[in-house]
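See below for the structure under consideration.
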Amino acid sequence: MKLAASLLSADFAHLARDVGRVEGAVHLLHLDVMDGHFVPNLTFGPPVANALRPHTRLPFAIHLMIERPAHYAPRFKVGPEDSITFHVEAADPPEEALKVIRALGCRVGISSRPRTPLEHLFPYLGAVDLVLVMSVEPGFGGQAFLPEALDRIRALRRAIGGRGVEIAVDGGIGPENVRAVVEAGADVIVAGSAIFGKTDPAAAARELWARATKGS
């Protein structure tokens, strides 16, 4: 299992500093890219993500909440350890986004909104490396966890079967519910405010990890 720190909850004026604060306490950095169209919010894009690259050795999990993932994905500097995830509801056809992202040499992920039928993802399970389950409505950080996400994780785990596809879960995860998310079948926990919203982000990440792995 892996823990990813979501930069959506970091201090945008001091991103490199905040990344350094969690460097030894998490496995990944989760970057939420929003275009103000697919979701009603704007965050950052390739220039900011690429500028962060020299400041950390942590892999990037880039989450494209944008209308044109196939168009913009090639602008990110990525390597084999990184991933780019797009939404099945985006304007670009999923097959096109998959092909473009795979050609970049990184891992490929797919996601959907919480109310999109999970079955919309099933045709692509053989072509991706991970599926990102949204446990909040995409677009803003600090939202409450949607309990129905647990059933979606379980159903997705059954659908994946023996395929080597990771399940990442993003939204509203904290010490009080992280173990339930893991038990439902999550491989990657994405946490934002539960880490960067604390005085000591590294300590908060380690506590979250301890709760997630308790009894494992």
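Ignoring lysines fewer than eight residues from Lys99 along the same chain, the ones with Cα atoms less than 18 angstrom from its Cα are Lys77. For region 74-135, which GluC sites (Glu not before Pro) are in a loop by DSSP, counting at most 13 other Cβ atoms within 10 Å? Within region 74-135, the qualifying GluC sites (Glu not before Pro) (loop, at most 13 other Cβ atoms within 10 Å) are Glu81. The slack between Lys99 and Lys198, meaning 0.36 nm per residue of separation minus the straight C-alpha distance, is 31.7 nm.
Here is the list for region 129-185: trypsin sites (Lys or Arg not before Pro) lying in DSSP coil, each with at most 15 other C-beta atoms within 10 angstrom of its C-beta, are Arg163. Spin-label model, Thr213 to Arg113: label points 7 Å out along the Cα-to-beta-carbon direction sit 3.7 nm apart.
Gain on full extension, evaluated as 0.36 nm per residue between His71 and Met1 minus their Cα-Cα distance, stands at 22.1 nm.
Distance from the C-alpha centroid of region 25-75 to that of region 96-165: 17 Å, rounded to the whole angstrom. The slack in the chain from Phe122 to Asp151, taken as 0.36 nm per residue of separation less the alpha-carbon distance, amounts to 8.9 nm. Considered as an equivalent ellipsoid built on the Cα gyration tensor, region 2-213 has semi-axes of 23, 21, 15 Å, the largest given first. Taking the helices alone, the chain has a mean residue ellipticity at 222 nm of -8000 deg cm²/dmol, built from -39,500 (n - 2.57) per DSSP H run of at least 4 residues and averaged over all its residues.
Read the figures in this text as sums done on the coordinates, not as results from a lab. Everything numeric in this text was worked out from a predicted model, so none of it was measured. Neighbour counts run over all protein chains shown; Cβ positions are idealised from the backbone, glycine included.
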